[in-house]
Structures are given as structure tokens and as C-alpha cells.
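Okay, so here's the structure we're looking at.
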Amino acid sequence: MKNNRVSIGLSNPKSPTNVGAVMRAAGCYRVDSVKYTGNRYGYAAKFHTDTKDITDKIPLTNVESLLDDLSADTKIVCVELAEGATALPAFEHPENALYVFGPEDGTIAQEVVDQADAVVYVPTVGCMNLAATVNVLLYDRLAKAENVIMGDELIRQSRDNRNNLVVKKSNKK
């Protein structure tokens, strides 16, 4: 999956906790960059919610517009509970994507949606918070990918240093 380019766009996020959790998800799912609009997050960023210091590896950039400076092959995918959107289980992810998410207390601007290549939603009862939605979207992308890295070596690299759990052969089916 690494030949693909995946970016996250956050429209005026307000919660430093959610942005920190989005950054953690970005690291877990190998996102290339995260950008955000607005100034609310900047005011709250001093609370340092990026618990894995992912911003040392993945850029988190404040921009005027999420849609500026995109490569020609980037597909814009808005993720929102919008009438007429495609349910995420039925969605085929593009190779190179910018996934745009609305703020916790609002929605993605109509001008952005009008320029999107696709609008998808997670078919839940009620709405999830921003970080949960990003995690679900990125997991769906991973689950549908063909070249997913799997196995014990990935587990050893990914888990917390206090976790040395091994499944006994008799538990495997």
C-alpha cells in the first residue's frame, strides 16, 4: 500500500484531543500528511495531545484551503453524514486520496463538497467523533487493500513495550 499517497484534511477542528488522536491514527495507518484549516486548533495545541510524537514523522500543517496544492492524481473524498453520500462499506478507495473531515461542531463547507470526487459516510446510528471517524475510514482503506503488511513481525514492531503476549498454538484455529 505504500505506493499510494494518503492525506487527511481537517476542516477547522476545535478539539486538541481529537487532533492528537487523528495524528496517532495517521501514524498507525501510514498517512503521509495531515493538514487543517482555521485557528481553533492552533489556540489549543499547547495542550500537547500527540502522545506518540507523530508530528515528528508526519507533517501537521495549518493551511488556508485544504484543496490547494494537490497533485493532479489526488482524489478528494469528503467524509460526512450527507444525504446522497456513499456508504463506506460500498466505497472503493482511490490510490491517492485526500480525505476531508468536518469539524466536531459543524460540517464540511459546501464549496469543498462540490469539488469532491466522492462523499462517503460511515453507516452508524448517530454520529461518531472526529478521531473515531478518521480511524474507521483508515481501517476500511487498509482492510480493502491488496498489499497489506501482516504477521508477527508487524505485531512486534507495533505493540506497546509492556505487551509480550503470544497466542499458544492450541488457541489458533
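The values are calculated or read from the model by the stated rules, or taken from the named source; none is laboratory data. The model shown is predicted, which means the values in this text are computed figures rather than measured ones. Positions of Cβ are generated from backbone atoms using ideal geometry, with glycine treated the same way; all protein chains shown enter the neighbour counts. In case anyone asks, the SASA skips ligands and DNA or RNA and just uses the protein heavy atoms, side chains included. Shrake-Rupley method; radii C 1.70, N 1.55, O 1.52, S 1.80 Å.
Report, in degrees rounded to the nearest 10, the 0 to 90 angle that the Cα long axis of helix 130-144 makes with the longest principal axis of the chain.
Roughly 60 degrees, rounded to the nearest 10.
Could you give the Stokes-Einstein D for region 119-173 in µm² per second, using the C-alpha Kirkwood radius, 10 °C, 1.306 mPa s?
Taking Rh from Cα pairs, D becomes 110 µm²/s.
If you take every residue apart from PHE91 with its C-beta less than 10 Å away from the C-beta of PHE91, what net charge results, scoring Lys and Arg +1 and Asp and Glu -1?
For residues surrounding PHE91, the net value is 0.
What is the P(r) of the chain, as percent of Cα-Cα pairs per 5 Å bin from 0?
Whole-percent P(r) values from 0 Å outward: 1, 8, 17, 20, 20, 14, 9, 6, 3, 2, 0, 0.
Among LEU130, ASN164, MET150, which residue has its Cα positioned farthest towards the positive end of the charge dipole of region 110-173, with +1 placed on the Cβ of Lys and Arg, -1 on the Cβ of Asp and Glu, and the dipole taken about the Cα centre?
ASN164
How much of the accessible area of region 66-153, in percent, comes from carbon and sulfur atoms when a 1.4 Å probe is used?
Carbon-and-sulfur percentage of accessible area, whole number: 49.
Excluding residues fewer than 8 places away in the same chain, name every one of the aspartates and glutamates whose C-alpha is closer than 19 Å to that of LYS14.
Answer for LYS14, where 19 Å is the Cα cut-off: ASP50, GLU64, GLU80, GLU104, ASP105, listed by chain and number.
Please check: in the Gaussian network model of the chain (C-alpha springs, under 10 Å), which one of SER158, SER33, SER65 has the largest mean-square fluctuation.
SER158
Relative to the compact-globule scaling 2.2 N^0.38 Å, provide the ratio for the alpha-carbon radius of gyration of region 83-140.
Here the Cα radius of gyration is 1.09 times the empirical estimate.
For region 64-164, just the Cα atoms, rotate onto the principal axes and tell me the three extents in Å, largest first.
48, 34, 30
If you build a Gaussian network model of the chain, linking Cα atoms that sit under 10 Å apart, which residue out of LEU67, LEU154, LEU142 swings the most?
Evaluated over the chain, the most mobile residue of the options is LEU154.
Please compare each pair in LYS75/LYS144; LYS35/LYS57; LYS144/LYS169 to a cut-off of 23 Å on the Cα-Cα distance and tell me which ones are over it.
Result: LYS144/LYS169 exceed 23 Å.
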